[in-house]
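Enquirer: Mind looking over this structure? Questions follow.
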Amino acid sequence: LKNAIGVVSGVGHSCAISNQRTVYCWGRNINGQLGNNSDKDSPQAVRVVLERNRPLNNIEAVVAGADHTCALDQLGLVFCWGDNGAGQVGLGRGSPPTIKFPRHVLSDVHSITAGQYHTCVLLRNGTVSCWGSDSHHQLGALDETASTATTASVQSSPDVGVMALEVNSRLRVVSTLRDELKELAAHLENRGLDSRARLLLEQQQTEKKAQLVSEQQELERKYQPLLQHMAREEKTELQYGQTRVAGSRSTPELVVDGHQPLSDVVSISGGQFHTCAVTREGSVHCWGANRERQLGGQAVGESLVRVMMPDGTPLSDAVSVGAGNGHSCALDKQGHVFCWGDNDNGQLGDGSPTVSRNVSPVRVIDESGQALKDVDSITVGGAHSCALTNAGRLYCWGAGSDRQLGSPERQESRTAKLVDLAGRHGLISAVSAGTWHTTVLTSDHDVLQLGGEFGGDLDLFMR
């Protein structure tokens, strides 16, 4: 691959766009997310191909979820492939759980984003459509059928209605635990982990497995008759090999604000279990999981909300937004970055020593304590974030246990830290933060991966 012009990072895989507008991917491939009609992992970049081994051409953008990938071409057509267990490839009910080569999903699209198990697009008319897992309402769609059914249940039998709400809540917990265990398993496969980091991850894995067993046993003990009834009514599918929560959708659905489509959107970003959007007027709206207060402001539920500043005024003048696992960030017109949500690893970048959540946006600062400025673009990973300045300088902050901040030390940074590439590759022209790694495109058209299982200087085998 010569002269890459774009990069993207997922959980265990990454992709790049060549100057020929074709796509190359590398990394984990258990669900065909590399798009080469295979399920074998590859430390080297492989070309994404359509059926009959034809290359995927004229690509404008590519995005990566946990185990699925999507691409947008210059005509506004979207193609997706990889894990389809929650419908995130977007091919409708009855489609295979794994898609090993690109399939056309949608047309008339302006831009695209991928969460871990869901996908969203910004349509050319300024509205947003999403599909895939809706375990935490990250699709933002109006579920009139479920709403009507729940209302009817409550009216006919209050106990059944309350129980139905409790079941869906517990199913979301089960779904989250399964997703987290899947992430931990992938992380533990990283051969570069030191013994201390591995021990901590194994302890987390043991605790979450025990919690999952407890939740499943409680569901079976307390709600088994209702679960069977809900399954017959197709309000939920409970499969202990894979949990699907009521509302997961395998075809695109419009995101709504109240009962009207969210409109005049200019930027979107999918996180682990939440999604955010910026409107033309510069306001930021988020919806989905909110355990870490990643939706912003005083929101406590999972419905679409407008992100609010500490003084109660809306976050304004935003031009783009990024969503991670438990935190979110926005870039404003003045080139400043604001973040909110989980701060366990310093991913808010404000220098605060606290590990608690921050419900409202805080300004990201550099190592000198000054506000990070002149930022051109931002990208948000699992528990770290990066910003690229107008001068081509790259700053990253947050978790660093996998060297995703570009430093040889496995340390977090609670302020924006300049990434030093020792001048070997020129300035940075693009960057994408994944769950545990960061992929960088230099002005010399070299692709570098900072951290993760397949970290290193990728241009050696991509040319």
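Enquirer: Rank by packing, highest mean first: peptides 183-189, 267-273, 385-391, with packing defined as the count of other Cβ atoms within 10 Å averaged across residues.
Expert: The densest-packed peptide leads the list: 267-273, 385-391, 183-189.
Enquirer: Let me ask something else about it. Please provide three numbers in whole Å: the alpha-carbon extents of segment 295-434 along the principal axes, with the largest listed first.
Expert: 46, 29, 26
Enquirer: Can you list the trypsin sites (Lys or Arg not before Pro) in segment 10-45 that are in a DSSP coil and have 13 or fewer other beta carbons within 10 angstrom?
Expert: When the trypsin sites (Lys or Arg not before Pro) of segment 10-45 are filtered for loop state and at most 13 Cβ neighbours within 10 Å, Lys40 remain.
Enquirer: Which of Gln334, Leu295, Val307 sits farthest toward the positive end of the charge dipole of segment 294-344, with +1 on the Cβ of Lys and Arg and -1 on the Cβ of Asp and Glu?
Expert: After comparing all options, I get Gln334.
Enquirer: Evaluate the distance, in nm, between pseudo-label points positioned 7 Å from the Cα of Ser38 and of Ser263 along their respective Cα→Cβ axes.
Expert: Modelled inter-label distance: 4.8 nm.
Enquirer: Still on this structure, I have one more. Could you pull the Cα extents of segment 257-370 along its three principal axes, largest to smallest, in whole Å?
Expert: Projected onto the principal axes, the Cα atoms of segment 257-370 cover 44, 30, 25 Å.
Enquirer: Moving to a separate point now. Filter the trypsin sites (Lys or Arg not before Pro) in segment 278-313 down to the DSSP loop ones having no more than 12 other Cβ atoms within 10 Å, then list what survives.
Expert: Qualifying residues, ordered by number: Arg280.
Enquirer: Between Gln203 and Asn58, what FRET efficiency follows from the Cβ-Cβ distance if R0 is 60 Å, with the result rounded to 0.05?
Expert: Here the calculated transfer efficiency is 0.80.
Enquirer: Separate question: Using 1/(1 + (r/R0)^6) with R0 = 25 angstrom and r between the beta carbons of Arg306 and Asn125, what's the FRET efficiency to the nearest 0.05?
Expert: Once the sixth-power term is evaluated, E becomes 0.75.
Enquirer: Set the Förster distance to 30 Å, then compute FRET efficiency between Glu281 and Asp374 from the Cβ-Cβ distance, nearest 0.05.
Expert: FRET efficiency, Glu281 to Asp374: 0.80.
Enquirer: Hey, any idea what the orientation-averaged projected area of the convex hull of segment 3-45's Cα atoms comes to, in nm²?
Expert: It is 2.8 nm².
Enquirer: For Leu331, Leu200, write out the residues from largest to smallest accessible area, computed with a 1.4 angstrom probe and no ligands counted.
Expert: Reading off the accessible areas and sorting them downward yields Leu200, Leu331.
The values are calculated or read from the model by the stated rules, or taken from the named source; none is laboratory data. For clarity, every value in this text was computed on a predicted model and none was experimentally measured. Note: ideal-geometry Cβ built from the backbone for every residue, glycine included; neighbour counts use all protein chains shown. Accessible surface areas use protein heavy atoms only, side chains included; no ligands, DNA or RNA. Shrake-Rupley method; radii C 1.70, N 1.55, O 1.52, S 1.80 Å.
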